[in-house]
Amino acid sequence: MTYNAVDLARRLIKLSIENEIWLTNMKLQKLLYFAWKDYYREHRRHLFEDEIEAWKFGPVVPKVYHEYRFCASNIICLTKEPSMEMDSETDDFLLKTLIKYKDYSAIRLANMSHEEAPWKNNYVAGLYRTIPFACMETEALARN
């Protein structure tokens, strides 16, 4: 099943709080990017269909960014419930993602994303350009 990015972010935050793996909005954005690619690599389908844009500090899902921008660079310790329940496979995948990247700072994740084609080929200073899913798919499979 494909979920929307806001629901996935809400569940990631819930899992982060439960497991004391603290997230800022910036780290959440990078986790969504890397989770999308990891999910595509494993399942050959999209984790979510919301646009991902190339911003100065890496890929960003605008809908999620705007939901949590009030937190600025602080730890997100409060969130709404997802609008739909996650299946156990997706829930396990999100927890696996949190654990995989728990020791990476937001800046390190941003720097890692800057080394990849989806961001490099779409970032233009001062603009928020959409990263095509085809570019994300190619990157995900190239790193297999």
### Task
Sticking with the crude label model, points 7 Å out along Cα→Cβ, report the distance from Glu49 to Lys100 in nm, one decimal please.
2.4 nm
### Task
Please give the length that would be gained between Arg129 and Glu85 if that part of the chain were fully extended, namely 0.36 nm times their separation in residues minus their C-alpha to C-alpha distance (nm, one decimal).
12.7 nm
### Task
For Cys77, Cys135, write out the residues from largest to smallest accessible area, computed with a 1.4 angstrom probe and no ligands counted.
Cys77, Cys135
### Message
Please list, by residue number, every one of the trypsin sites (Lys or Arg not before Pro) in the stretch 31-112 that is coil in DSSP and has at most 14 other beta-carbon atoms within 10 Å.
### Response
Arg44, Arg45, Lys56, Lys80
### Task
Compute the length gained on full extension between Glu42 and Glu115: take 0.36 nm times their separation in residues and subtract their Cα-Cα distance, giving the result in nm to one decimal.
24.1 nm
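How big is the charge dipole of the chain about its Cα centre, in debye rounded to the nearest 20, if each Lys and Arg gets +1 on its Cβ and each Asp and Glu gets -1 on its Cβ?
In total the dipole reaches around 500 debye.
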### Nearest-20 debye value, the stretch 31-84 charge dipole, Cβ charges on Lys, Arg, Asp, Glu
120 debye
### Query
Got a sec? Charge dipole of the chain, +1 on Cβ for Lys and Arg, -1 for Asp and Glu; which of Met112, Ala140, Asn4 is way out at the positive end?
Met112
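The values are calculated or read from the model by the stated rules, or taken from the named source; none is laboratory data. Remember, predicted model here, so these are calculated numbers, not experimental data. In this analysis, Cβ positions are derived from the backbone assuming ideal geometry, glycine residues included, and neighbour counts consider all displayed protein chains. Calculation scope for accessible area: heavy atoms of the full protein, side chains included, ligands and nucleic acids excluded. Shrake-Rupley method; radii C 1.70, N 1.55, O 1.52, S 1.80 Å.
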